[in-house]
């Protein structure tokens, strides 16, 4: 291990001063901050308030929010930022008061971390088999942009992050229109997605991993999740990180969240392994709530129902699984 390698606690990046210190001193082998880090610090040090909000953010977090959410404010999608309600590997979620564009009183803004502060490892695994999208959700065909992506320049890295966000927004639009239990997507910005908020002003919806369900709710909720998974597969989508940690529980219903890592079951080279992992993690929670499940057989049965390519014998015995949930 290099003596000057710095370990970052991503849950503390938004505390007063920590964000700035991390940006200025984040290093690997070199003693000086990288050019990308220096440019980021300079840009956000010079930020000026476009609007004021209720949430009390640290200085650099405030600048990042102003840059990320200013567009939504200008377009009257939001009128205030009330609180930070969730910190994730890729992004933090903020509770917002809606503006004149939206009938709902509350919205959620998912604000992505700068790329140099993201903690997701090996994100290239999830990008296999899918196009790089621009800010409008269209595949990038411009040669200069493609060259920047290939060279992994600062500009190319920003394009890659924009594509990551665009894939999540487009996925939410597709799934919401298909009747899946996902937040309603409203708008996408350069570094954020605005969507429906699950919870109330005092209490955001908890993630399912921290909830003990009433016995009468366990089976119906699991069956509904199977319906959601079928919707995903019918739209050529695998969640990629499905578990009780990415399900919100509110008013006896579940909502799937966090879709940047989606993969295609027909185009991704390790789609079966990723799907099988999703089903295994989902089943682990419902087994803890009293159901008797066979994740491997369940995954195989769902896979075959959609006529997807059979995994090799080294991946599964691919036997008949019987009932979906038994």
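Values quoted throughout were computed directly from the atomic coordinates according to the rules given, and no laboratory measurement underlies them. The structure displayed is predicted, hence computed values, not measured ones. Backbone-built Cβ (ideal geometry, glycine too); neighbour counts: all protein chains shown.
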Conditions (1) at positive phi; (2) crowded, with 18+ Cβ neighbours inside 10 Å: number failed by residue 76: (2)
If you check residue 109 against the conditions, is it assigned to a strand (DSSP E or B) and either over 21 Å from residue 259 (Cβ atoms) or touching a residue at least 40 places away in the same chain (Cβ under 8 Å) (or both)? yes
Just one of the numbered conditions (1) crowded, with 18+ Cβ neighbours inside 10 Å; (2) within 21 Å of residue 78 (Cα to Cα) is not true of residue 184; which one? (1)
